[in-house]
Amino acid sequence: MPDIAIVGAGISGLHLALRLQQAGVSTTVYAERSTEDTAAGRPLGLPVRFGRTRQRERELGVSHWEGAENDTAGVNLVARGEPDIRFLGRLDEPGSGVDLRLYLPRLTADYLERGGRFEVLRPDVAEIDRVSRDHDLVVVAGGRSATTGLFPRDPDRSPYSAPQRILTAGLFHGIAPTDPGYIHFQVSEAGEIFSTRFLTANGPVHGIVVEAQPGGPLEQLASYDHSGDPAGFEKTLLSLVAEHAPELRERISDSEFALHRPGDVIQGGLTPTVRRSWATLDSGRVALALGDAWIVNDPLTGQGANLGSRCAFELAELIVGGEPFDAAFAERAAERLWRIAEPVVAWSNLNIGPPVEHLGAIFVTATGDQRVADAFVTNFNYPDKMWEVVKSAEATQAWLAEVTEAG
């Protein structure tokens, strides 16, 4: 059996390591920081893991957060205007939000308990090349490693050269839960505001993600000094939520609203990027890109962690049956993984571009037809199907007819 180096201990890297471990493949996970530092650090993103990702967790034996109290049952989409859009679409399989500072250390512990190896590594090209000499293949699944130039931007697959949304996200107390739990998804001309429940090491809280249109009123949050003036930051956030997401504001207690922990805020912009998916190191070993080292999508469609998990399983299958790990293997892997990733990238880029009339038609129809609402929201779990629905006005029209006729 081969010996694989996995650089990065996020969802992509750990799902790959655990899957290969099940197949008897020797692996070492190299992470930028220890599990203790991860657990004590700043938020690493607020991903909702949809049903197919949770099923992969069950296959890996790491489904530690089962139970209705941890479920995300659907998406409540609201857009004020003429006409008003509001519908609660139900997922066919519930999703779940778990703070990555709880999730990743627990999966690392599972990996180590089963005989895995874990080392802290500075993830630059020189260090990656050094460790590659002790392994048959390197998989780089950490986003920061990609900035070193190991995997250059693929211009043909990366239409944007700047962030299309300016992000502010945080974890908060004082937001009333819903029963069943759902993602509140508010759309406005200023951008989008999300909120859903997340389980942390200290119990359940709520995440808020603000995706601001550049230059719009929501963008100010991304440059606010939340550490120096947490009360002012919270007051400004509440004011903007009241104006742009009033239904969410009604669930927030003025007296209880506060950051879960000091510094529990993420700010900045992500430029959607697809990088070259493999490189040859000075050692002669091949390095493959996975997860954020390969693709960074804007989080608007919630697909980053879910795509990373899906590709990790596919890559594990290729590795188990794929020696030698040469350029030809890398090309086969690149082609196969891009077939999975392409519809996700296309759907994500569509949503952060100019308004699309036929996408609006889905929302209007879903407002008055629960069948359409449920079918649309369920496709968050099936991004390949979602892209087939929204890729053109004709495809959307045919899908709407199919859903309504089938009902």
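The values are calculated or read from the model by the stated rules, or taken from the named source; none is laboratory data. Every value quoted in this text rests on a predicted model; they were computed, and no experiment measured them. All Cβ positions, even for glycine, are placed from backbone atoms using ideal geometry, and neighbour counts span all protein chains on display.
Contact map, the range 122-146: first residue in the same structural domain as D326 (by TED's automatic domain parsing) and surrounded by fewer than 15 Cβ atoms within 10 Å (Cβ to Cβ), second residue modelled with pLDDT of 85 or more and of a type in the set (K, R), Cβ cut-off under 6 Å, separation 6 or more or different chains; the map is empty. When Q397 is tested against (1) touching a residue at least 40 places away in the same chain (Cβ under 8 Å); (2) not assigned by TED's automatic domain parsing to the domain that holds A289, exactly one condition is not met: (1). A residue that is surrounded by 22 or more Cβ atoms within 10 Å (Cβ to Cβ), among the charged types (D, E, K, R) and outside any helix (DSSP H, G or I) occurs somewhere in the range 161-174. E189 meets all of the listed conditions (1) under 25 Å from G353 (Cα atoms); (2) at pLDDT 95 or above but one, namely (2). Candidates in the range 132-186 are the residues that are modelled with pLDDT of 95 or more and among the acidic types (D, E); of these, the one that is farthest from R275 (Cα to Cα) is D134.
If the condition is being over 26 Å from F313 (Cα atoms), crowded, with 20+ Cβ neighbours inside 10 Å and polar (S, T, N, Q), then the range 352-398 contributes only T396.
Kindly check whether there is at least one residue in the range 379-401 that is among the polar types (S, T, N, Q) and under 22 Å from the mean Cα position of the chain (by Cα). Scanning the range 379-401, I find at least one residue that is among the polar types (S, T, N, Q) and under 22 Å from the mean Cα position of the chain (by Cα), so the answer is yes. Report whether or not V187 is part of a strand (DSSP E or B), touching a strand residue (DSSP E or B) at 6+ places or on another chain (Cβ under 9 Å) and surrounded by 14 or more Cβ atoms within 10 Å (Cβ to Cβ). Yes. At least 2 residues being over 22 Å from the mean Cα position of the chain (by Cα) is the threshold, and among the strands (runs of 3 or more DSSP E) wholly inside the range 1-119 those reaching it are 3-7, 26-31, 85-97.
When E256 is tested against (1) more than 28 Å from A40 (Cβ to Cβ); (2) surrounded by fewer than 16 Cβ atoms within 10 Å (Cβ to Cβ), just one condition goes unmet, and that condition is (1). Answer yes or no: is there a residue in the range 264-277 that is surrounded by fewer than 24 Cβ atoms within 10 Å (Cβ to Cβ), among the charged types (D, E, K, R) and outside the structural domain of V138 (by TED's automatic domain parsing). Checked against the condition, which is being surrounded by fewer than 24 Cβ atoms within 10 Å (Cβ to Cβ), among the charged types (D, E, K, R) and outside the structural domain of V138 (by TED's automatic domain parsing), the range 264-277 yields at least one hit. Figure legend. Inter-residue proximity from the range 357-369: first residues within 12 Å of E394 (Cα to Cα), second residues assigned to a helix (DSSP H, G or I) and among the β-branched types (V, I, T), beta-carbon distance below 6 Å, spacing 6+ or different chains. Indicated pairs: H358/T396; L359/V390. Scanning the range 212-220 turns up no residue that is surrounded by fewer than 18 Cβ atoms within 10 Å (Cβ to Cβ), over 30 Å from R133 (Cα atoms) and either in contact with a Leu (Cβ under 6 Å, 6 or more places away or on another chain) or modelled with pLDDT under 95 (or both). The residues on offer are P214, P123, and the sole one that is in contact with a Lys or Arg (Cβ under 9 Å, 6 or more places away or on another chain) and either among the acidic types (D, E) or under 27 Å from R86 (Cα atoms) (or both) is P214. Counting only strands (runs of 3 or more DSSP E) that sit completely within the range 203-305, those holding 1 or more residues that are among the aliphatic types (A, V, I, L, M) and more than 23 Å from the chain's Cα centre (by Cα) correspond to 278-280, 286-289.
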